[in-house]
Amino acid sequence: MFNTSKYTNWYFSILEKYKTEKSPLSEQHHIIPKCCGGDNSKSNLVYIPCRIHFLAHKLLTKMIDDPVLNRKMHYSFWRMMNPQSKKHNRTYKITSHDYERERSYFIRDMSGNNNPMKRPEIAAKFSHKRPEQSAVATKRNLEYWKDKKLPILNLICVTCGDTFQTNSKKRICCDKKCAAKYRVKMRRLGDKERLDPHSI
């Protein structure tokens, strides 16, 4: 699976060093990638610093000659360069040459028939409606907002005196017209009256 180049020797020598050491900024790495037949056993896992993790994936792109597996290694290396979530925080620096090379590989692999979404069986999986998931999401949203929903208040407009309903305690006018009249009145009054709008 791996070729006999110098990159393979570097890869295993680096990982052998960090089998005994564990840094505070360590990340879990599969020695044999899962797409290449690796598993989640302890013998196949090693905790390495994030910078070494980046270098290990860079070496993997040079260690595999099989075109299908090599494409997967380039894709995993490309994902390490781009944040995948808000918690995805990297401390290493990405060189412009690495970024340009992996970007070109990504465009090549995602263009034409190589794009997974171009395959009918995968496109159908994401395009059809899933009402059961929509029902679960709706129920979850209702439960989330149940405690956060503000109560409806019955207030009296300070301009026209009509009763109106709102969930904001700061609102004092029933609509925009009354709010405009109230602002005009406030400009004519002094600071003393402006402190208590309900005294008008």
Return a whole-number percent for the relative contact order of the chain, with Cα pairs under 8 Å and 6 or more residues apart as the contact set. 12
Positive minus negative residues near Asp175 (Lys, Arg vs Asp, Glu; Cβ under 15 Å): +4
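Full extension from Ser96 to Ala123: what is 0.36 nm times the residue separation minus their Cα-Cα distance, to one decimal in nm?
Contour length minus the Cα-Cα distance gives 6.4 nm.
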Among [x] 39, 21, 15; [y] 61, 24, 19; [z] 22, 22, 16, the entry derived from the coordinates for semi-axes √(5λ) of the Cα gyration tensor in Å: [y]
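Please count, across the range 129-192, the pairs of lysine residues with Cα atoms under 16 Å apart that sit 8 or more places apart or on different chains.
Number of lysine pairs found: 6.
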How far, in degrees from 0 to 90, does helix 96-109 lean away from the longest principal axis of the Cα atoms of the chain, to the nearest 10? 90
In the neighborhood of Trp10, defined by Cβ-to-Cβ distances under 15 Å, what is the net charge if each Lys or Arg adds +1 and each Asp or Glu adds -1? +4
Could you give me the ³J(HN,Hα) list for the range 167-179, computed from phi with Karplus coefficients 6.51, -1.76, 1.60 and θ = phi - 60°, whole Hz, x at Gly and Pro? 10, 10, 6, 7, 6, 10, 10, 7, 8, 5, 5, 5, 5
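Using a cut-off of 15 Å between beta-carbons, work out the net charge of the residues near Leu142 (Lys and Arg +1, Asp and Glu -1, Leu142 not included).
Once all neighbours under 15 Å are counted, the net charge is +3.
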Which of Asn82, Ser26, Asn115 sits closest to the plus end of the dipole of the chain, meaning its Cα is farthest towards the positive end, when Lys and Arg get +1 and Asp and Glu get -1 on the C-beta? Asn82
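With charges set only on the Cβ (+1 for Lys and Arg, -1 for Asp and Glu), what does the dipole of the chain come to about its Cα centre, in debye to the nearest 20?
Computed about the Cα centre, the dipole is about 940 debye.
Every number here is computed from the coordinates shown, using simple stated rules; none is lab data. Please read all numbers here as calculations on a predicted model, not as lab measurements. All Cβ positions, glycine included, derive from the backbone under ideal geometry; neighbour counts span all protein chains shown.
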